[in-house]
Structures are given as structure tokens and as C-alpha cells.
Amino acid sequence: MAKHEATPPKKTKPHDSWAEVYDEAYKQSFGPLYIMLTEVSLEVILEKTESESDILDIGAGTGRLSIPLAQSGHSLCAVDASAKMLEVLERNDSSRLIKTVHCPIQILNLNQMFDTVLCVFSVFCYLTKPKELKAAIHSIARHTNNTGYALIDIPSSSSFSGLNYESETLSRQVTVTVLNSEIGLFNYEENVRFIKDEKECIYKDNFQIRCWNPEVILLEFETAGMTVREDISQRFLGSGAHYYILAKT
């Protein structure tokens, strides 16, 4: 069996090294939960967003929200800090419906406002410094129309745990280590072994994440001129995250 090892070089972004197998790894290891999160997210967005709206998907990854939303008739701009994840999105977007932007959220400035801004699937945990979080929140506010809304999630402390998954084609070992319990700072280490067409590939990832208090994030949104319109966490029971819809004040 052929074997390939992909170890990310320095200064890469989280998930760059295993973007090619990211979707399959999550589908296998999280199964129904992964499907539920995607389906309920799409349900909420389609309920709350008027037809043919402009949508900004921050932390779009491989496009599991952007692609179906674009296929539903919305105009999509997908943003991600990982160029490799966006490359997968672009391949999956066979009809070329989506504009992609490779940029960290905290420095994003598109000089455009959107009807709907999405920042879900644990985007905030990748921001480990207060100044990064503040800049990201103000970026969301800056890109949200006065009559539009933003959908965000904030992972709870229960989400910051390890994972061990084994199947015939996939092995995932995730280790989450406390670096500073006082501020909720962790180190995330991922080792993935994936077998496809009798070829074994090994991927490694290592970066820091942070568990933010929802009150800290929501207070910063108030400073940026946005408040909670609706707490929809009940629709995402079992996700390990709080979900909110925010609008301009």
C-alpha cells in the first residue's frame, strides 16, 4: 500500500494539511451530528433570509453551507483563512456560483454589506487573542446590512475535548491540552490516517484554540452596534455550542 505523509509547514493555517479529506473525516467521525448541524443551519438560514439575498459565509471551509445556499439562488461570498479549504470549495462549486476570498476574518474588508452574515462551526475558537476577537466582531458588524442579520455560534467548554475514532478507512486522534485554564486557552493536535484506493495518507495538524465566554462575545457585539435578536441554541441541542441571531441596533 502506498503511503503519503502530509505534515504542515510552519505558518500554515488550521486544516490546511488535511483539507482534502476534511469533509470525509468529519462525516465519518461525527456521523448524524455532523449532518444535523449542517441541515439545521441551512433550515435556519433559509427561514430567515429572503430569496436571492447577498450572503457572506465567514469560515466557509469546503462550502458545506455556501454551496447549497448558492444553489438555492442566493449570492454567496465565501471567506476562509485556509487557502487549501477554499481550493476544495472551488472544486466542489462546479457551476462557479461562489466568490471566494482568502482572508482572516479579523482583517476582512470587502467594502460591501450583506443581507446575511454567517460565522458558524466554531470560527471564534480559532481567535486566541482579545484584539483578534474584537477585530473579527467589528468586521462582522461592518459587513452586515442595517436590515440584515448575522448568525453566529459560540462553542461551550464541553466542545474542547479530545477524540479517538477508528474505522477501516479512517483513524482520527485529536488531543486537546490545556495551556491556560484561566483564559480558556488550549492546544489542539490532530493526527489523521486515511485510506482511499489502497493508498494510505497521514495528516497532522497543530494549533491553539480558545474557549470564549458568550457574555464576552455578545458584549463586544453590543460595542460594535449589534444585539441578540434571537437565541436559537435549542434548535442545535447536542452541538456543544450556543447559537444566536444578531441584528443592528
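Among the residues of the stretch 132-162 satisfying the criterion of being assigned to a helix (DSSP H, G or I) and either without any contact (Cβ under 8 Å) to a residue 24 or more places away in the chain or polar (S, T, N, Q) (or both), which is farthest from PHE207 (Cα to Cα)? Going through the qualifying residues, I end up with SER139. Here is the figure for the stretch 27-74: residues that are open to solvent by less than 50 Å² (accessible area, probe 1.4 Å), under 18 Å from LEU237 (Cα atoms) and of a type outside the set (Gly, Ala, Ser) total 8. Is at least one residue of the stretch 163-174 touching a Phe, Trp or Tyr at 6+ places or on another chain (Cβ under 7 Å), crowded, with 21+ Cβ neighbours inside 10 Å, in contact (Cβ under 8 Å) with a residue 40 or more places away in the chain and closer than 30 Å to LYS196 by Cα? Yes. Counting only residues that are farther than 30 Å from GLN173 by Cβ and either in contact with a helix residue (DSSP H, G or I) (Cβ under 8 Å, 6 or more places away or on another chain) or open to solvent by less than 30 Å² (accessible area, probe 1.4 Å) (or both), the stretch 226-248 holds 10 of them. Within the stretch 90-104, can you find the residues that are surrounded by fewer than 22 Cβ atoms within 10 Å (Cβ to Cβ) and either in contact with an Asp or Glu (Cβ under 9 Å, 6 or more places away or on another chain) or in a helix (DSSP H, G or I) (or both)? Matches in the stretch 90-104: GLU90, ARG91, ASN92, ARG96, THR100, VAL101, HIS102, CYS103, PRO104.
Looking at the stretch 226-249, which of the residues that are of a type outside the set (A, V, I, L, M, F, W, C) and in a helix (DSSP H, G or I) is nearest to LEU133 (Cα to Cα)? It would help to see each step written out before you state the result.
Taking the stretch 226-249 first, the residues of a type outside the set (A, V, I, L, M, F, W, C) are 227, 229-231, 233-235, 238-240, 242-244, 248-249.
Adding the requirement that they be in a helix (DSSP H, G or I) leaves 233-235.
Numbers: SER233: 21, GLN234: 25, ARG235: 25 Å.
If we take residues in the stretch 226-249 being of a type outside the set (A, V, I, L, M, F, W, C) and in a helix (DSSP H, G or I), then SER233 is nearest to LEU133 (Cα to Cα).
Quick check: anything in the stretch 143-161 open to solvent by 50 Å² or more (accessible area, probe 1.4 Å), under 19 Å from the mean Cα position of the chain (by Cα) and over 16 Å from CYS211 (Cβ atoms)? The answer is no, given that none of the residues of the stretch 143-161 is open to solvent by 50 Å² or more (accessible area, probe 1.4 Å), under 19 Å from the mean Cα position of the chain (by Cα) and over 16 Å from CYS211 (Cβ atoms).
VAL117 meets each of the listed conditions (1) of a type in the set (Val, Ile, Thr); (2) outside any strand (DSSP E or B); (3) open to solvent by less than 20 Å² (accessible area, probe 1.4 Å) apart from (2). When CYS77 is tested against (1) under 18 Å from SER53 (Cβ atoms); (2) open to solvent by 60 Å² or more (accessible area, probe 1.4 Å), exactly one condition is not met: (2). Of all residue pairs spaced 6 or more apart or on separate chains, those with beta-carbon atoms under 8 Å, a first member in the stretch 214-241 that is closer than 13 Å to ILE137 by Cα and a second member that is open to solvent by 40 Å² or more (accessible area, probe 1.4 Å) and at pLDDT below 95 are GLU222/THR249; GLY225/THR249; MET226/THR249; THR227/THR249. Of the residues that sit in the stretch 186-225 and are charged (D, E, K, R) and under 25 Å from ALA135 (Cα atoms), which one is most open to solvent (accessible area, probe 1.4 Å)? Per the stated criteria, the residue is GLU215.
Among the residues of the stretch 120-131, which ones are assigned to a helix (DSSP H, G or I) and under 16 Å from ILE55 (Cα atoms)? None; the set is empty.
The values are calculated or read from the model by the stated rules, or taken from the named source; none is laboratory data. Predicted model only: the values in this text are computed from it and were never measured. Cβ sites come from the backbone with ideal geometry, for glycine too, and all protein chains shown count toward neighbours. What goes into the accessible areas is simple: the full protein's heavy atoms, side chains included, and nothing from ligands, DNA or RNA. Shrake-Rupley method; radii C 1.70, N 1.55, O 1.52, S 1.80 Å.
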